[in-house]
4 protein chains.
Amino acid sequence: MTHFGDHQVSIYVNGMFLGQVPDITTDLGALESHAAGVLSPEAMGYVVPSAGSGSTARANVEAFERWRIVPRMLRDHATRDLSTTVLGTSMPAPVVLGPVGVQTLAHPDGELATARAAEALGLTYVHSTQASHSIEQAAEANGSGSRWFQLYWPTDDELAESFLERAKNAGYTTLVVTLDTTMLGWRPRDLDRGFLPFLANEGIANYTTDPVFNRRLEKPAEDDPGAAGIAFASVFPNPGLSWDQLPWVRERWDGPIVLKGIQHVDDARRAVDSGVEGIVVSNHGGRQVDGAIASLDVLPGIVEAVGRRTTVLFDSGVRTGPDVVKALALGAEAVLLGRPYLYGLALAGQAGVEHVLRCLLAELDLTLGNAGYRSHRELTPESLVRG
Amino acid sequence: MTHFGDHQVSIYVNGMFLGQVPDITTDLGALESHAAGVLSPEAMGYVVPSAGSGSTARANVEAFERWRIVPRMLRDHATRDLSTTVLGTSMPAPVVLGPVGVQTLAHPDGELATARAAEALGLTYVHSTQASHSIEQAAEANGSGSRWFQLYWPTDDELAESFLERAKNAGYTTLVVTLDTTMLGWRPRDLDRGFLPFLANEGIANYTTDPVFNRRLEKPAEDDPGAAGIAFASVFPNPGLSWDQLPWVRERWDGPIVLKGIQHVDDARRAVDSGVEGIVVSNHGGRQVDGAIASLDVLPGIVEAVGRRTTVLFDSGVRTGPDVVKALALGAEAVLLGRPYLYGLALAGQAGVEHVLRCLLAELDLTLGNAGYRSHRELTPESLVRG
Amino acid sequence: MTHFGDHQVSIYVNGMFLGQVPDITTDLGALESHAAGVLSPEAMGYVVPSAGSGSTARANVEAFERWRIVPRMLRDHATRDLSTTVLGTSMPAPVVLGPVGVQTLAHPDGELATARAAEALGLTYVHSTQASHSIEQAAEANGSGSRWFQLYWPTDDELAESFLERAKNAGYTTLVVTLDTTMLGWRPRDLDRGFLPFLANEGIANYTTDPVFNRRLEKPAEDDPGAAGIAFASVFPNPGLSWDQLPWVRERWDGPIVLKGIQHVDDARRAVDSGVEGIVVSNHGGRQVDGAIASLDVLPGIVEAVGRRTTVLFDSGVRTGPDVVKALALGAEAVLLGRPYLYGLALAGQAGVEHVLRCLLAELDLTLGNAGYRSHRELTPESLVRG
Amino acid sequence: MTHFGDHQVSIYVNGMFLGQVPDITTDLGALESHAAGVLSPEAMGYVVPSAGSGSTARANVEAFERWRIVPRMLRDHATRDLSTTVLGTSMPAPVVLGPVGVQTLAHPDGELATARAAEALGLTYVHSTQASHSIEQAAEANGSGSRWFQLYWPTDDELAESFLERAKNAGYTTLVVTLDTTMLGWRPRDLDRGFLPFLANEGIANYTTDPVFNRRLEKPAEDDPGAAGIAFASVFPNPGLSWDQLPWVRERWDGPIVLKGIQHVDDARRAVDSGVEGIVVSNHGGRQVDGAIASLDVLPGIVEAVGRRTTVLFDSGVRTGPDVVKALALGAEAVLLGRPYLYGLALAGQAGVEHVLRCLLAELDLTLGNAGYRSHRELTPESLVRG
């Protein structure tokens, strides 16, 4: 029997179905179409789509199909242990609630629901710079849970420093610096609607609650939302960001730093040489560079190059328990989830997030066990074959 | 002319169509959609689906497409012989009715219809531990037919022993031990419906007719079905099963033992070393580990490793006569069928099972003959090319 | 300007469209769906489908997609010559109207319309043993055209001899012996309908007009069609056919002999060694062994093995002008068409056959010219790349 | 911030969406279906389709999917420069409005709208010999813009000379000689409709305004449109064109000459040896030889063979910004667009062309920047991996 920090998971004990689940599908691959039934077009437009023609988002998912698990038999997997410690954060399973912005588009409770669900399950919550609730509100919702902070590095140094300071004070232990979004990708679903939530003052709660940011405004943000949006837009794009600036953030953050968006072996090496504690192999779920290589396709090479010297995390394309198994077998220490829990949030708020996570953890546990593993730590590239 | 133990097969003599067939399609690939029209959602939910997102179930079928038969000409195939002997059981063709549980979901006659159809055609029937009719009832229906017993090894040793004893007494000659289902896979179609037949006292006939099992209950199973389901659920999952336990079953079963669910060359070697008589290369039709490799993709390597030392059987993805040819050419001595005959059962009970089997045998016979073979024994990997 | 023996082809002069075409599409890939609108279900069931699940029929078409033409520029293709001589038969283009049985299913005029269309365009007509019109009727319709005879070798030697004698007398110059249909393949579309045209006395005109065949009947065929069908069914399947019997036919046919249905290099070599003049690389359009390799996939190996020693023809999967270019580039001396002209026949009788052939020849001519060739004789495997 | 010669592009500054776009989608992959809603069947029939069954048109697009961009991080791409000089023509980005004939089928303003849009954005306009507006009209509309002239080399030398003279006088600086259309390809969409615009006097404005052409007519073109169409049809097909004729055009054109339609390495080498300044690797968007290899698939080999000795341009299959990145990374100096801007023209005339081009340039800019590049000049084959 495997525990994930929540009593309800017992319904999935050893894969035997012993009770009711909320009125949401357990078919993780079908969540998107279910969520589409409840989300507004604007929300679906922002939440679901990828950049351009969706080529990279599709590639992300298809890449998982090409790796196949080879189950092993009769290896006594009665006692399974999925717990792990990543960058000093202990987790019941190597699954992290990755940073997703503007979660109020999916559900009024937004990041608060997600932060609460994470705490309930003992999983780590990553707060996005583009959240609809502030660093402090999310921390309060997350309570005694573990939480990391994701930074979109603005061009305003003082503002960046303020974000880091606030995150530290609010109990965020690890800093995830996103590298791949110095400019928003070309997202036709948003552009066609003329809708960018930030300009409507949604998804910039961290800014409008920030003393440095507010000092830049003529009037308080609540009195002139439009002005806040424009001020945000003036500091967000940071295409000048370079490796030279990493020491600046290193000096201002005591905890572990993770660079998110690494897709090339040379960048992985440079990241390690720069002294950060980890990287996230990610193409932002196909939301930035359309036409980019599938994130999973670059994972093995990067793990081979730097896996022994740093913590390699992974996201982009993870939808199901077997997906997690594959990413871990190819060398990731943990995966970050995005869309799946957001669909759960859209469908039922905190309960929906918990449901999706419990399903994914249960499927992960069953897949590992039925494939003959007692722990994800036993997985190696030899656990898979290229189909 | 080829016989399959039944007068009606003459309608397919030498591929010439000479009479009426029952009102069921002869297009074996279309059976699933036909069956979907008559089965209840619950039944379809249990019968048809695979684990997770169906990735492995699809892979099983697609794997067959990649191997292509190269027909040979002018080789006099007037006299064809598909008969064979597998583990001491003689068969008119290397096709076995594999173990499928809870067949009453497909048709009220359940396993009785299947056992009768098997006898009528001279094919071997494999009785599932999860059957809706008992070991003894199925044996009686099967009459003078040949039958094997499939074991889901429960955690209750005395119960396991009782199953084996009963199967022996009822004329089952070979024991098929399923290794890949120590815990049920993640099956969203069932989970979404909150439906597991066993908990509704369906598919546990072997248990409720068992003296050992009944001794564990406070009241007889018929008086308290719910309690029987719970008692079943407490002994079914057996994730602690290991190679060390094989001698236990060896001591309790005189006939041949086959290990079902082998997917890795090392497990195949270990199975042979453990002294069993055969293995079934199988991923349980994609119903256990979603994301697992296609069963056919691991067959050649396993045959190369142990094919000369043991009997290698195959299932997962077999739908048509050419599929059988391909699996045999790649080294399987016989294939086990599942879904195809179950669709026949759903459509017309015993007559439906017979119809599907006759179609499959006729297509197998025609495919072999038109490809220039007089017997499946002439097939080798060189009969195929990788497309 | 290129001529194909017919004045109407001038409408496609040099690819410039100068007039009206009959009310049939010029999109050769769309003909099947157009024909489906006019054919009866029985006719569609017999004409269109392939064996089994259609795997080989699909593979035939997909195989063409994997070879890509590399056009060459500025090579002066003003004067193009597609004419050729195959086995002593001169043709305006290397395209033959392959043998197709029971053409009355597609159109009341059946083979007569096809034979007339062939003559009108100067192309060679191949008369099927299973035709709905007799050897003599088709020859009369074909007039001064060139014609070959296709033999389904019956088990009745005297009947076979009579067929050959009649074909010789009626001006058929080449004998095409089909090897791949000693038993009809498993064709669910026919079986489901309980329909085999021959048993309804359709498609056995060569038999019912044959003195030897009629001598076997108690009553003349027209008085007892059912008996004729049964008599046919008793001589048609010939699974005992072997290489040893080839001398028998060689002794009885003075002209060139072509073996149709070769798919393996060793069979191609043996065919050449047996003294026949040619082979047709073919899998019968996927109508016999479902699961068989695509016909085009075996062509290069066979051409390499025997191309210099014999005439290699090709069919199975040819739908368009570029398909012809690819088969010729891979070494076929000519291609046999089947379904495309039959769709034309279904849509408009003789005019439909002519239309389809003119379209295909025009597209062939334009493709060759625009790819830089003046003659199909300049094509080599280097004209293509594997995509 | 990146400029493309137009104030409105500022709405896409750094990928941040700051204003309204016209009522046309920004999803470049969806333009075709949008345009289909406004174009007449005849127009769609001519504008959209490719030759034959569309095999090459599909292959062109699929070829782009197989190459994947590998984004690089933290490389300071704040200042990006997409400007370039191709054959002496300076451009704000390596994107050219390729030659497309009969643009009045898409919109009444036809080439005038396109020429104006090109000027507005500073991009180069290529005028087609088959335009619906004359060389001089398009030049006037293009104003101070940069323009090239595309030649379909007629069989009438005096006419060809007149075209070149007029183009020179009207300020066209580079000559693009199309090699791949000495005969129109087999285009079923046109043939089925019996519609070829030129015969309806549409798309032959360059001819009917030409003194040499008019001298050949008995009456002025406007008085007898049919006769003009026939006269055009008599000089257009030029299948006798050969390498020997290149010096003729070289003597009559002082500026750079580019040969369009190169698909084979040997033809690329010969083109360079013949003394022209550049080539366009192109299969005419799949409109000429159906079954031809994807244009992108031949680009790397051609660049390797002649890339250092000549200017290699590319078209066929470019739909999006990432497509441009891939073609440039594989060695093209610039790409020619066709269908995308024509869809914009169909949807909103000049404004539509501008919209599509701005979207494509913005997506190109964002893709380059987010992939870590400051200029397309930094792209190399190592910027991609083969997926």
How many nm separate the modelled label positions at C:D223 and C:D192, each set 7 Å beyond the Cα in the direction of the Cβ? 4.1
24 Å tail of the calculated P(r), the range C:68-184, as % of Cα pairs: 33
Roughly how many Å² is the accessible area per residue of the range B:261-363, as a whole number, for a 1.4 Å probe? 22
Return the percentage of antiparallel bridges among DSSP beta bridges fully within chain C, rounded to the nearest 5 %. 20
With charges set only on the Cβ (+1 for Lys and Arg, -1 for Asp and Glu), what does the dipole of chain D come to about its Cα centre, in debye to the nearest 20? 1020
Placing +1 at every Lys and Arg Cβ and -1 at every Asp and Glu Cβ, with all other atoms neutral, what dipole size does the protein assembly as shown have around its Cα centre, in debye to the nearest 20? 2260
No solvent, one uniform scatterer per C-alpha: report log10 I(q)/I(0) for the protein assembly as shown via the Debye equation at q = 0.07 1/Å, two decimals. -0.94
The range A:163-229: relative contact order from alpha carbon pairs under 8 Å, six or more residues apart, as a whole percent, is 28
In whole percent, what relative contact order does the range A:81-149 give with Cα contacts below 8 Å and a gap of six or more residues? 31
Mind checking A:291-301 for the average number of partner chain beta-carbons within 10 Å of each residue's beta-carbon? 4
Between the range D:321-373 and the range D:299-314, what is the separation of their alpha carbon centroids in Å? 21
For B:S33 paired with B:E65, estimate the spin-label separation in nm (one decimal), with each label point 7 Å from Cα along the Cα-to-Cβ line. 1.5
Report the one residue of C:V306, C:Q263, C:P239 whose Cα lies farthest in the direction of the positive end of the charge dipole of the range C:197-329 (charges on C-beta: Lys and Arg +1, Asp and Glu -1; origin at the Cα centre). C:V306
Of the options A:I69, A:S50, A:T79, report the single residue whose Cα projects farthest towards the positive end of the charge dipole of the range A:43-86 (beta-carbon charges: Lys, Arg +1; Asp, Glu -1). A:I69
If I fit a long axis through the Cα atoms of helix D:110-121 and take the longest principal axis of the Cα atoms of chain D, what angle between them do I get, 0 to 90°, rounded to 10? 30
Between copies, how far apart are the A:E251 label points? List them in nm, one decimal, shortest first, with each point 7 Å from Cα toward Cβ, please? 7.4, 7.4, 10.4
What residues of the range C:268-299 lie in the reach of a label at C:S375, counting those whose backbone N is under 18 Å from a point 7 Å from the Cα along Cα→Cβ? none
Write down, largest first, the equivalent ellipsoid semi-axes of the range A:276-345 in whole Å, where each equals the square root of 5 times an eigenvalue of the alpha-carbon gyration tensor. 20, 14, 11
With springs only between Cα atoms under 10 Å apart, run a GNM on chain C and tell me which of C:N60, C:N283, C:N370 wobbles the most. C:N370
Give me the mean projected area, in nm² to one decimal, of the convex hull enclosing the Cα positions of the range B:199-294. 7.9
Computed from the beta carbon distance with a Förster radius of 41 Å, FRET efficiency for C:R250 and D:W248 to the nearest 0.05 stands at 0.10
So how much accessible area does B:S316 have, in Å² to the nearest 10, using a 1.4 Å probe? 10
Give the average, rounded to an integer, of partner chain Cβ atoms located within 10 angstrom of each Cβ in C:29-36. 1
On Cα atoms only, tilt of C:157-169 relative to the major axis of chain C in degrees: 50
Along Cα→Cβ at 7 Å, what distances in nm separate the D:V385 label point from those on the other copies, shortest first? 2.3, 2.3, 3.2
Provide the solvent-accessible area of D:D81, counting protein heavy atoms only and rolling a 1.4 Å probe, rounded to the nearest 10 Å². 70
B:F236 accessible area, 1.4 Å probe, all protein chains in place, Å² to nearest 10: 10
If one takes the longest principal axis of the Cα atoms in chain A, at what angle in degrees, from 0 to 90 and to the nearest 10, does the Cα axis of helix A:339-370 lie? 30
Give the longest segment of chain A that steers clear of trypsin sites (Lys or Arg not before Pro) in DSSP loops with at most 12 neighbouring Cβ atoms within 10 Å, not counting the sites themselves. A:1-307
One decimal, nm, nearest first: from A:E136 to the same residue in each other copy, label points 7 Å out along Cα→Cβ, the values are 7.6, 7.6, 10.7
Give the relative contact order (percent, whole number) for chain C; include only Cα pairs under 8 Å separated by 6+ residues. 26
GNM flexibility winner over chain C from C:G291, C:G349, C:G321 (Cα, springs under 10 Å): C:G291
Suppose every Lys and Arg Cβ carries +1 and every Asp and Glu Cβ carries -1, with no other charges. What dipole size does the range B:211-351 come out with about its Cα centre, to the nearest 20 debye? 160
Return the calculated 222 nm mean residue ellipticity for chain C, to the nearest 500 deg cm²/dmol, obtained by summing -39500 (n - 2.57) across DSSP H runs with n ≥ 4 and dividing by the residue count. -11500 deg cm²/dmol
Too-long pairs where the Cα-Cα distance tops 23 Å, listed order kept, from A:K326/B:K326; D:K168/D:K260; C:K260/C:K326; A:K168/A:K260; C:K168/C:K260: A:K326/B:K326
Could you put A:I230, B:I69 in order of accessible surface area, largest first, with the 1.4 Å probe and the full protein assembly present? A:I230, B:I69
Post the alpha-carbon centroid distance, the range B:64-132 to the range B:175-197, in whole angstrom. 23
Given the options A:P49, A:P322, A:P220, state which has the largest fluctuation in a GNM of chain A using a 10 Å cut-off (strictly under) for Cα springs. A:P220
Along the charge dipole of the protein assembly as shown, which of D:L345, B:T129, B:A205 sits closest to the positive end, that is, farthest toward it, with unit charges on the beta carbon of Lys, Arg, Asp and Glu (+1, +1, -1, -1)? B:T129
I'd like the interface area for chains D and C: accessible area of each alone minus the complex, both sides summed, 1.4 Å probe, protein heavy atoms only. What is it in Å² to the nearest 100? 3400
If you take the C-alpha gyration tensor of chain C, multiply each eigenvalue by 5 and take the square root, what semi-axes do you get, largest first, in whole Å? 32, 23, 20
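The values are calculated or read from the model by the stated rules, or taken from the named source; none is laboratory data. Computed from a predicted structure; not experimentally measured. Heads up, the Cβs are rebuilt from the backbone with ideal geometry, glycines too, and the neighbour counts pull from every protein chain shown. When the accessible area is computed, the model is the full protein with side chains, heavy atoms only, and any ligands, DNA or RNA have been set aside. Shrake-Rupley method; radii C 1.70, N 1.55, O 1.52, S 1.80 Å.
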